[in-house]
1. All but one of (1) outside any helix (DSSP H, G or I); (2) without any contact (Cβ under 8 Å) to a residue 24 or more places away in the chain; (3) of a type in the set (S, T, N, Q) hold for residue 61; which doesn't?
2. How many residues does segment 17-42 contain that are exposed (fewer than 13 other Cβ atoms within 10 Å of the Cβ) and touching a Ser or Thr at 6+ places or on another chain (Cβ under 8 Å)?
3. Of the numbered conditions (1) on the phi > 0 side of the Ramachandran plot; (2) in contact with a His (Cβ under 6 Å, 6 or more places away or on another chain), residue 15 satisfies every one except a single condition; which is it?
4. Pairs please, first residue from segment 24-39 and without any contact (Cβ under 8 Å) to a residue 12 or more places away in the chain, second anywhere and of a type in the set (Lys, Arg) and surrounded by fewer than 16 Cβ atoms within 10 Å (Cβ to Cβ), Cβ atoms under 7 Å, 6+ apart in sequence or on different chains.
5. If a residue has to be out of contact with any helix residue (DSSP H, G or I) (no Cβ under 8 Å at 6 or more places or on another chain) and either among the charged types (D, E, K, R) or more than 16 Å from residue 8 (Cβ to Cβ) (or both) to count, how many in segment 19-63 make the cut?
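Please treat every number below as a calculation from the coordinates, not as lab data. Nothing here was measured: the structure is a model prediction, and the numbers come from that model. Using ideal geometry, Cβ is built from the backbone for each residue, glycine included, and neighbour counts are taken over all protein chains shown.
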Amino acid sequence: MTFKYSLTLPISGGNKLSRFEAWAEAHLPGLPYRLPPQTPIKTETMTIRLASLDDRRRILQQLARAQI
């Protein structure tokens, strides 16, 4: 699968990858995405790769309802 779209999310603190994975599984099950291999604790954002613009729209809509 090709992940040619991206979305940069505001997220701070530790365990960004596992927190996003848990949030995505709870709020958007089955959503195809690719996370970076790691993110430094000091960063305030995280960029994820998505397969379609519709996936990006779904994440943004869900973030408005339930924050990570």
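1. That leaves (1) as the condition not met.
2. Summing the residues that are exposed (fewer than 13 other Cβ atoms within 10 Å of the Cβ) and touching a Ser or Thr at 6+ places or on another chain (Cβ under 8 Å) in segment 17-42 gives 1.
3. Of (1) on the phi > 0 side of the Ramachandran plot; (2) in contact with a His (Cβ under 6 Å, 6 or more places away or on another chain), only one is false for residue 15: (2).
4. none
5. Number satisfying all stated conditions: 21.
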